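Worksheet for the structure shown next.
The values are calculated or read from the model by the stated rules, or taken from the named source; none is laboratory data. Quick caveat, the model's predicted, so the values are computed rather than measured. Here the Cβ positions follow ideal geometry from the backbone for every residue, glycine too, while neighbour counts run over all protein chains shown. Areas reflect the complete protein model, heavy atoms only, side chains present, ligands, DNA and RNA absent. Shrake-Rupley method; radii C 1.70, N 1.55, O 1.52, S 1.80 Å.
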Amino acid sequence: MSRHNRVAGPLAVALAASLVLGACGAGGRDDSEDGDGSTGAPDPGVTDDSVTIGGTFPLTGVAAPGYSEIPTGAQAYFDYVNEAGGVHGRTIDYIVKDDAYNPTNTSTVTNELVLQDEVFATVGSLGTPTQASVADYLNDEGVPQLMVSSGSLQWGDDVEARPLTFGWQPDYESEGKIIGQWVAENMPDARVGLFLQDDDLGEDAEKGVRQFVDDQIVAVERYTSGNTDVAPQVTGLQAEKVDLVLAFNTPSYTALSQLVALKTGFTPTWFYANIGSDPALVGSLLERFSEGAVAGDSAALDGVMTSEYIPGIDSADDPWVQLWQEVWDAHGGEGELTNYRIYGMSQAYAFVQALEAAGEDLTREGLVAAIEEGGADWEGPQLAPFRYSADSHMGIAGMRLVELQGGVGEPLTDVLVTDIGDAEITTDDSGQADDAPPEGGVPTS
């Protein structure tokens with residue numbers, strides 16, 4: 001991190017504009033239909049030559065930085081697939097709605113997707129509180145809620161309650177377990193402090209971390225999203241002489257915590273969860289929040305440890321990143337390829353796999369069955385397999401831990417996999433991390 005003698009004082013105006021918050025019988029269906037096509041009527045959103053899906057994202061408002069790029073990546077990949085002929089002869093029509101990361105807005109625009117746009121499914125919609133506000137509605141209306149952009153446990157650990165909801169990324173508890181085990185093995189004498197978002201993100205992660213370092217934790221500080229003053233939390237950690245902070249927060253709060261630590265001379269080792277550690281975004285937020293007092297370059301998070309579960313822009317030689325660059329160059333809009341756009345493309349790739357597996361006679365029931373039956377074996381950009389089955393709708397099973405240097409993640413571990421609860425943490429032996437894209441860049445059965 002570039003350090004200057006001055007750190008800007010009032011941050012409220014910049015933060016209010018830039019704060020990034022946490023990481024996700026209707027529609028014309030007649031009650032006489034059972035969803036398997038037996039009446040001869042297709043499910044909503046399906047025609048002979050197209051399938052219409054939707055998603056809700058913060059395109060404007062406090063959570064827009066970074067997260068608004070996710071659907072642009074997904075759209076670019078869907079355009080790429082459509083140019084290649086679509087899936088089973090159907091092009092993918094993708095409708096994106098802005099919810100500004102407000103659950104009330106999410107309910108309104110999701111209603112529009114179901115009742116007016118008659119989408120076949122929602123795909124990749126972002127946010128824990130936002131998607132929690134519509135999960136039961138979508139399940140009640142028979143609309144699959146696929147690959148939610150959030151690591152909350154509620155997307156996949158209770159299939160009976162929400163049979164049409166699926167996660168995509170690793171869950172926060174599993175990430176906490178993997179980080180906690182590494183700390184216990186490599187820093188057993190560290191005085192650990194937790195810096196947590198006060199919601200599912202922090203609660204689930206703390207549950208995982210405490211399985212391994214409960215006796216090392218000397219301080220726990222929580223913040224509420226929207227409150228831009230985290231000085232009390234950071235100075236609270238400093239007062240307890242914490243020398244390792246495990247932080248489970250979104251990118252704005254990475255920047256905020258770093259600025260307070262810089263101002264107070266607090267110099268612990270930092271371990272930020274994946275959701276809060278994108279070097280490019282955090283660097284830009286540091287520069288913006290400090291009004292230029294801190295340089296927002298690629299070295300802004302040098303020495304910080306974090307996790308990764310898909311290859312990102314720091315892996316230019318990775319064949320998946322090369323595919324994503326090709327896709328973005330051909331079908332992207334303004335701006336460069338970013339990790340958030342790669343996230344959207346990686347999700348879109350998984351959805352195309354689901355469509356392919358569901359077959360030509362596309363139904364919602366058939367799509368869900370295809371994910372449950374084959375999703376755990378899908379190859380793709382994810383470093384570890386999915387956990388999809390009839391009993392679990394949890395997403396990616398693991399990650400590797402890295403240390404950031406110059407914006408590049410230097411591996412600390414192999415790819416490690418686990419599950420929630422007391423499931424063992426093991427080195428992944430599936431070979432998933434070595435998979436390369438198929439010829440043509442579009443999955444086939």
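A simple packing score, the average count of other Cβ atoms within 10 Å per residue, orders the peptides 122-130, 241-249, 88-96 as 122-130, 241-249, 88-96, with the highest score first.
Gain on full extension, evaluated as 0.36 nm per residue between ARG222 and LEU115 minus their Cα-Cα distance, stands at 34.6 nm.
Listed values for region 81-88 are Karplus-derived 3J(HN,Hα) couplings in whole Hz (6.51 cos²θ - 1.76 cosθ + 1.60, θ = phi - 60°), namely 5, 4, 5, 7, x, x, 10, 6, and x replaces Gly and Pro.
Relative protection proxy for 200-211, 131-142, from highest mean packing down: 200-211, 131-142 (other beta-carbon atoms within 10 angstrom).
The distance between label points at THR60 and GLU326 comes to 3.8 nm (points 7 Å beyond Cα on the Cα→Cβ vector). A simple charge model with +1 on the Cβ of Lys and Arg, -1 on the Cβ of Asp and Glu and nothing else charged puts the dipole of the chain at about 2080 debye relative to its Cα centre. For ALA239 and ALA436, FRET efficiency with R0 = 45 Å and r from the beta-carbon atoms, rounded to 0.05? Rounded to the nearest 0.05, the efficiency is 0.35. The helix-based estimate of mean residue ellipticity at 222 nm for the chain, built from -39,500 (n - 2.57) per DSSP H run of four or more residues and divided by its residue count, is -10500 deg cm²/dmol to the nearest 500. One chain, two ends: LEU412 and ALA316. Fully extended at 0.36 nm per residue, the span grows by 32.6 nm beyond their Cα-Cα distance. On the basis of the beta-carbon distance and an R0 of 35 Å, GLU379 and ALA231 show a calculated FRET efficiency of 0.15. Modelled spin-label separation between GLU334 and ASP158, with each label point placed 7 Å from Cα along the Cα-to-Cβ direction: 4.3 nm. Heavy atoms of the protein chains alone define the surface here; on that basis region 136-217 has 33 Å² accessible area per residue at 1.4 Å probe size. The calculated FRET efficiency for the pair ALA299 and SER107, based on their C-beta separation and a Förster distance of 56 Å, comes to about 0.85.
Straight-distance candidates among the lysines for linking to LYS241, with alpha-carbon spacing under 23 Å and chain neighbours fewer than 8 residues away dropped: LYS207, LYS263. Put a plus charge on the Cβ of each Lys and Arg, a minus charge on the Cβ of each Asp and Glu, and nothing anywhere else: the dipole of region 351-445 about its Cα centre is then about 320 debye. Determine the shape class of region 53-136: with a ≥ b ≥ c the square roots of the Cα gyration tensor eigenvalues, call it rounded for a/c under 1.5, and otherwise prolate if a/b is greater than b/c, oblate otherwise. It is oblate, given that a/c is not under 1.5 and a/b is not larger than b/c. For the chain, the fraction of 1.4 Å probe accessible surface lying on carbon and sulfur atoms is 44 percent.
Packing, taken as the mean count of other beta carbons within 10 Å per residue, orders the peptides 356-363, 263-270 from highest to lowest as 356-363, 263-270.
Label-point separation (nm) for GLU291 and THR267, each offset 7 Å from Cα along Cα-to-Cβ? Each label point lies 7 Å from its Cα, and together they span 2.7 nm.
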